[in-house]
Structure formats: C-alpha cells, structure tokens
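**Q** Quick one: structure below, then a few questions.
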C-alpha cells in the first residue's frame, strides 16, 4: 500500500504543479495583488480526503516550493508558504471536526490562505494598512473556495472509487 500512496502522491504533485502553471497563464487581474483562484488547491483537497492528511500536507509544501522555484522567487514563496500552511492547518481542523462539507473546508482554506498572506505582508512591509485588503480577500477566498470545493467534490466522487479499488 505504501508504494501506491507514493505513486498517487507523485501524481497529485504533478497535477498541482500543472494547475499552478495554468493559473499563472490566466490573465486574471481584479485589482488586488496576488488574488488567484487557487486551482492547485484542488489537488490538495482531493489528496486530503483520499490518500491521507500527511500526504496532502507534503503535497502542499512540495507544490509551494516547486512553483516558487519555477515561476516565482523567494519572496513569493514566503507569502505562498504562509498562506498554504495556515490554510492547510485550518482545513485539517475543519475536516477532523466533521461539521463542514468538502465545500466548507475548501472555503475555509481559501479564506485562511489569504489571511496568512496578509499577515506576512503586514510583518514584512511593517504596515497595518494592508488590513484594508482583508474584506476583499475574504470575499475572493470565499468565492474561489466554493468553486474549488464543488469541483473537488465532483472529482472525489470518481477518484475515491478508483483509489478504493486499488
């Protein structure tokens, strides 16, 4: 079973990397720096519910590093890592509480990813005026979280059957 999990983790890493690449190609400009849909979180959500929480945590960390080294810089990696860690921790707690649907867990992930990035930006830039972005980022995180949650739920319905039969 361990070999299967490793193989699946590799596939999820590749998928998250490709989704990040696609998202970098999308010309999404809504006037807020760093606002994205979070397509790669699809892979993290599905992995968390199908192959395991530790594997999903590894996937999230590896994705941030790979995408940062390929498409960004150390600064981008720092913001992304803060968002990914906080987001993953909140999603994990929400999943374990079992009071949120997959969509609800995804919304929390989207919102807290943005909160993590704002916290780092406030610390790095030493200005609290960035808190004015927070309501907009919470709205964007909620909308993208719903979209990612719905798609993840659809994917999980198909993927979990395949993984269970392995």
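**Q** Does the stretch 52-74 include one or more residues that are buried (at least 17 other Cβ atoms within 10 Å of the Cβ), at negative phi, free of Cβ contacts under 8 Å to residues at least 24 places away in the same chain and in a helix (DSSP H, G or I)?
**A** yes
**Q** Could you please tell me which pairs satisfy a Cβ distance under 6 Å, a separation of 6+ or placement on different chains, a first residue in the stretch 136-157 that is closer than 12 Å to residue 41 by Cβ, and a second residue that is not in a helix (DSSP H, G or I)?
**A** Note: pairs meeting the criteria are 144/37; 144/38; 148/38.
**Q** Quick test for you: out of 67, 107, 37, 90, pick the one residue that is modelled with pLDDT of 90 or more and under 18 Å from residue 17 (Cα atoms).
**A** None of the others qualify; the one that does is 67.
**Q** Taking the condition of being touching a residue at least 60 places away in the same chain (Cβ under 8 Å) and farther than 18 Å from residue 60 by Cα, how many residues in the stretch 97-135 meet it?
**A** 1
**Q** On to the next question. Report whether or not residue 94 is part of a helix (DSSP H, G or I), crowded, with 16+ Cβ neighbours inside 10 Å and without any contact (Cβ under 8 Å) to a residue 24 or more places away in the chain.
**A** Taking the combined requirement at face value, the residue satisfies it.
The values are calculated or read from the model by the stated rules, or taken from the named source; none is laboratory data. For clarity, every value in this text was computed on a predicted model and none was experimentally measured. Because the Cβ atoms are built from the backbone with ideal geometry, glycine has one as well, and the counts that use them run over all protein chains shown.
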